[in-house]
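Comments concern the structure below.
The values are calculated or read from the model by the stated rules, or taken from the named source; none is laboratory data. Everything quoted here is computed from the prediction, not taken from an experiment. Neighbour counts run over all protein chains shown; Cβ positions are idealised from the backbone, glycine included.
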Amino acid sequence: MKIVENPSEIYSLVASSKCNGKRVGLVPTMGALHAGHLSLVEEAKRHCDIAIATIFVNPTQFGPNEDFSKYPRTLDSDLEQLERAKCDWVFVPSTMQMFPEGLSTYLEPPTVSKNWEGQIRPGHFRGVTTVVLKLFHMIPADVAFFGRKDYQQVAVLRAMVRDLNVPIELIACDTVREQDGLAMSSRNRYLSPTDRGRAVGLWNALQHVQSLVREGCHDVERLESEMRDMLLAVPVDRIDYAAIVDGVTMEPLSHVLPDAVAIIAVCIGTTRLIDNLSLDV
């Protein structure tokens, strides 16, 4: 496994490989890797000749009161895991390489970013789209792999790629879960044992909504109410949203339609967790 820190070097490696007919897959991460990240590397290996992971904790997607300073940084462990997963190259740029002094150009994110995470975390998707577009320029891969756990992020990046004619394919991979259903997340390590027990309530609420839909209930108001009631019974400490939305536009729905997605964001203790489930209508 080759570790690269210089943007010019990784660009040259990718360009040379593509000239030789190799298909290149990209897995952008912020490190603190878990089985969900490694499953994306495995998908990249399946679809492509060369799999590249990036590790960069992006300061521009954190708000002023968010957890940038305490976000877990576990580079040695991350590299060991990526080597075991047979990742070919890892790009580990510095903050100065990604955001050099004097940088003043940022990307205005697409409309699909406005609600939910975009409303609760102002500036978040501006930071996400800017850094991902920069990575796409530095690493002109054929395919990029993202996890469906960050459902709105995938929708935002799909819109960005479409709107700006970025020559890359996006593949969204299924959420990887713990045995009890909790979606794997780097932030799960913040949870105390008691809070970890409460966190499975997100998955239980999503499954309950899915079961109601399969029984024929398509009334969004009722479904959202039941989802919130289950979360309050956990209890979670704060509900940012528990909604059913159009899976393409992220707009609220009044009636469950094909492509509907149930989305949740809550705080448990001091940890903010998100999850979602595409509803089988």
Looking at region 122-152, which of its residues are in a helix (DSSP H, G or I), in contact with a Ser or Thr (Cβ under 9 Å, 6 or more places away or on another chain) and not β-branched (Val, Ile, Thr)?
His124, Phe125, Arg126, Gly127, Leu135, Met138, Tyr151, Gln152
Quick check, is Leu206 surrounded by 18 or more Cβ atoms within 10 Å (Cβ to Cβ), in contact with a Ser or Thr (Cβ under 8 Å, 6 or more places away or on another chain), part of a helix (DSSP H, G or I) and of a type outside the set (Val, Ile, Thr)?
no
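Can you find, within region 232-247, the residue that is surrounded by the fewest Cβ atoms within 10 Å (Cβ to Cβ) among those that are of a type in the set (A, V, I, L, M, F, W, C) and part of a strand (DSSP E or B)?
Taking the candidates together, the pick is Ile239.
Can you tell me which residues in region 169-203 are within 20 Å of Asp240 (Cα to Cα) and either hydroxyl-bearing (Ser, Thr, Tyr) or not in a helix (DSSP H, G or I) (or both)? Steps first, please.
Going through region 169-203, the residues within 20 Å of Asp240 (Cα to Cα) turn out to be 182-188, 190-191, 195-203.
Result: Leu182, Ala183, Met184, Ser185, Ser186, Tyr190, Leu191, Val200.
Inspect all residues belonging to region 74-92 and state whether any of them is under 19 Å from Leu164 (Cα atoms), assigned to a helix (DSSP H, G or I) and charged (D, E, K, R). So that I can check it myself, show each step before the final result.
Going residue by residue through region 74-92, those that are under 19 Å from Leu164 (Cα atoms) are none.
For region 74-92, residues under 19 Å from Leu164 (Cα atoms), assigned to a helix (DSSP H, G or I) and charged (D, E, K, R): absent.
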Only one of (1) within 20 Å of the chain's Cα centre (by Cα); (2) at pLDDT 95 or above is not met by Lys70, so which one is it?
(2)
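Go through region 140-180 and report how many residues are of a type in the set (Gly, Ala, Ser), closer than 16 Å to Phe125 by Cβ and surrounded by fewer than 21 Cβ atoms within 10 Å (Cβ to Cβ). Spell out the reasoning first.
Start the filter on region 140-180 by keeping residues that are of a type in the set (Gly, Ala, Ser), which leaves 141, 144, 147, 155, 159, 172.
Narrowing the set further to residues that are closer than 16 Å to Phe125 by Cβ leaves 155, 159.
Add one more test, that the residue is surrounded by fewer than 21 Cβ atoms within 10 Å (Cβ to Cβ), and what stays is 159.
Going through region 140-180 one residue at a time, the tally reaches 1.
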For region 216-231, state whether one or more residues are crowded, with 16+ Cβ neighbours inside 10 Å and within 19 Å of the chain's Cα centre (by Cα).
no
